[in-house]
Amino acid sequence: MADSPSLPTRQFTLGGELLAEFLGTLVLITLGDGVVAMVLLFGNSNAPVGEVVKGGYTNITLGWGLAVLMGICVAGRVSGAHLNPAVTLALAMYRGFSWRKVLPYTLAQVAGAFAGAALVYVNYLPAFRQFDPELTKSASVFTTFPAFPDLWLFGLFDQIIGTALLVGLILAITDPLNAPVPPGLQPILIGLVVVAIGVSWGGMHGYAINPARDFGPRLFTLTAGFQNTGFGTHALWVPIVGPYLGGLFGALVYDRLIRPFLPIKPSVAAPIG
C-alpha cells in the first residue's frame, strides 16, 4: 500500500491568528447569546398551553459551556483560542505570549463578539419585535448587568474571582507539567469550567468573565438602538476591569502555589476506559 500523502506545512501568520480569534469568538457569542435569546424571548413560563417553553438558567449555563468548546474547536490549532482578552493578557504576563499581539488579539475578539451579537439579533429580529418592540428591556440577551446595581464592589469582586477561577483552571488543565487529561479532552474540560462557574458564580453579574464577551455585544446594543445598554453605569466597566484583574490573579495563584510543586517530568494521563 502506498504511503498516504503528508499534509502540507502551514505558516501561521498574525493575520491568520487574528482571523481565528475573530471567528472563534463569533462562534462563542453566536451560541452563547443565542441560548440566552432562546430562554428570554421564547421561555415565557406563562406561555399558553401547548406552546413549548425553551428552557431556563440551566440551558444558559450549558449553552455557554458548549459555546466555549465550539469556539476552541474553531480557533485552537491556529491562535490557541484565547477568545478572551483576560486570557490573552494573562498568557502574555505568565506564559511568554508576545506582547505585540495582545492588542490585535483583543481587537479581533471584541470584533468577533460584536459580529456574533449582530448575528443573533438578525436571526431573532421578529422575536425581539414581539417581545420588546421599543428595545427597552432585552439588552440582557447580549450583555451582563448587576443584580445589585448600587453595590458595584460586589459585582467587581464577583468578576475578579470568577475570572481567576477560569484562568487558573485553564492553566491547570493545559499545563504540560500537570496534564490531568489527554490534550484532546482539554477543550471539553475548559467548556465544563465555564459551566461550573455559571451554575455556581453567575448570579451577581451574569458571569461575563471575559471583557470581549461583554463589551463587544454591549457596543452592538448601543449601535442597534437598545435603550438599556449600561453605558454610563457601573455595568459598563465592572465586567471589563474585573476579568482583567481576575485573570492576572488566577494565573499568579496557579504559578506561585501549584506549579512549583508539580513534578518536573510531565505526567502521563491515565487512558480512558
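Any chance you could count how many residues in segment 214-239 are of a type in the set (S, T, N, Q) and open to solvent by less than 50 Å² (accessible area, probe 1.4 Å)? Break it down into steps so the answer makes sense when it comes.
First, the residues of segment 214-239 that are of a type in the set (S, T, N, Q): 221, 223, 227-229, 233.
So of that shortlist, the ones also open to solvent by less than 50 Å² (accessible area, probe 1.4 Å) come out as 221, 228-229.
So the answer is 3.
Which one of Ala75, Ala111 is out of contact with any strand residue (DSSP E or B) (no Cβ under 9 Å at 6 or more places or on another chain), closer than 19 Å to Thr221 by Cβ and not aromatic (Phe, Trp, Tyr)? Please lay out each step first, then the result.
Numbers: Ala75 fails: closer than 19 Å to Thr221 by Cβ.
Answer to the selection: Ala111.
Within segment 1-40, which residues are farther than 28 Å from Val102 by Cβ and either surrounded by 10 or more Cβ atoms within 10 Å (Cβ to Cβ) or at pLDDT 95 or above (or both)?
Taking segment 1-40 first, the residues farther than 28 Å from Val102 by Cβ are 1-8, 34-40.
Across segment 1-40, the qualifying residues are Gly34, Val35, Val36, Ala37, Met38, Val39, Leu40.
Need the failing condition index for Ile188 against (1) under 23 Å from Val36 (Cα atoms); (2) open to solvent by 40 Å² or more (accessible area, probe 1.4 Å); (3) in contact with a His (Cβ under 6 Å, 6 or more places away or on another chain), just the number.
Of everything listed in (1) under 23 Å from Val36 (Cα atoms); (2) open to solvent by 40 Å² or more (accessible area, probe 1.4 Å); (3) in contact with a His (Cβ under 6 Å, 6 or more places away or on another chain), Ile188 misses just condition (3).
Go through Leu171, Leu165, Leu222 for me and flag whichever is in a helix (DSSP H, G or I) and without any contact (Cβ under 8 Å) to a residue 60 or more places away in the chain. Outline the logic, then answer.
Numbers: Leu171 fails: without any contact (Cβ under 8 Å) to a residue 60 or more places away in the chain; Leu165 fails: without any contact (Cβ under 8 Å) to a residue 60 or more places away in the chain.
Criteria check complete, one pass: Leu222.
Taking interchain pairs and intrachain pairs at least six residues apart, which have beta carbon atoms under 8 angstrom, with the first residue in segment 193-211 and without any contact (Cβ under 8 Å) to a residue 40 or more places away in the chain and the second part of a loop (DSSP other than H, G, I, E, B) and crowded, with 21+ Cβ neighbours inside 10 Å?
Qualifying pairs under 8 Å: Ile197/Tyr207; Ile197/Ile209.
Checking the conditions here, which among Phe114, Phe145, Phe97 is among the hydrophobic types (A, V, I, L, M, F, W, C), over 19 Å from Val36 (Cβ atoms) and modelled with pLDDT of 95 or more? I'd like the intermediate steps shown before the answer.
On the way: Phe114 fails: over 19 Å from Val36 (Cβ atoms); Phe145 fails: over 19 Å from Val36 (Cβ atoms).
Exactly one of Phe114, Phe145, Phe97 is among the hydrophobic types (A, V, I, L, M, F, W, C), over 19 Å from Val36 (Cβ atoms) and modelled with pLDDT of 95 or more, namely Phe97.
Find the residue count for segment 130-145, including only residues that are in a loop (DSSP other than H, G, I, E, B), farther than 19 Å from Pro211 by Cβ and open to solvent by 10 Å² or more (accessible area, probe 1.4 Å).
5
Of the conditions (1) in a helix (DSSP H, G or I); (2) open to solvent by less than 20 Å² (accessible area, probe 1.4 Å); (3) touching a Leu at 6+ places or on another chain (Cβ under 8 Å), Ile209 satisfies every one except a single condition; which number is it?
(1)
Among (1) over 20 Å from the mean Cα position of the chain (by Cα); (2) within 21 Å of Leu169 (Cα to Cα), there is one condition Val122 misses while meeting the rest; what is its number?
For Val122, the failing item is (2).
Given the options Gly246, Gly203, Gly242, name the one that is part of a loop (DSSP other than H, G, I, E, B) and either open to solvent by 20 Å² or more (accessible area, probe 1.4 Å) or closer than 25 Å to Gly24 by Cα (or both).
Details: Gly246 fails: part of a loop (DSSP other than H, G, I, E, B); Gly242 fails: part of a loop (DSSP other than H, G, I, E, B).
Every option except Gly203 fails the conditions.
Of all residues being within 20 Å of Leu189 (Cβ to Cβ) and not in a helix (DSSP H, G or I) in segment 70-129, which is most open to solvent (accessible area, probe 1.4 Å)? Just the residue, please.
Arg95
For segment 146-164, which residues satisfy the criterion of being of a type in the set (A, V, I, L, M, F, W, C) and crowded, with 21+ Cβ neighbours inside 10 Å? Before you say what the answer is, go through the steps one by one.
Start the filter on segment 146-164 by keeping residues that are of a type in the set (A, V, I, L, M, F, W, C), which leaves 147-148, 151-154, 156-157, 160-161, 164.
Hits for segment 146-164 are Leu156, Ile160, Ala164.
How many of the residues making up segment 146-155 are farther than 10 Å from Ala235 by Cα and in a helix (DSSP H, G or I)?
2
Suppose we filter segment 170-179 for residues that are of a type outside the set (D, E, K, R) and touching a Leu at 6+ places or on another chain (Cβ under 8 Å); how many remain? Give the derivation first.
Filtering segment 170-179 down to residues of a type outside the set (D, E, K, R) leaves 170-174, 176-179.
Then keep just the ones that are touching a Leu at 6+ places or on another chain (Cβ under 8 Å); that gives 173, 177-178.
Total meeting the criteria: 3.
The values are calculated or read from the model by the stated rules, or taken from the named source; none is laboratory data. Bear in mind that the values here come from a model prediction, so they are computed numbers and not experimental data. Neighbour counts are summed over all protein chains in view; Cβ atoms, including those assigned to glycine, are modelled from backbone coordinates with ideal geometry. Areas reflect the complete protein model, heavy atoms only, side chains present, ligands, DNA and RNA absent. Shrake-Rupley method; radii C 1.70, N 1.55, O 1.52, S 1.80 Å.
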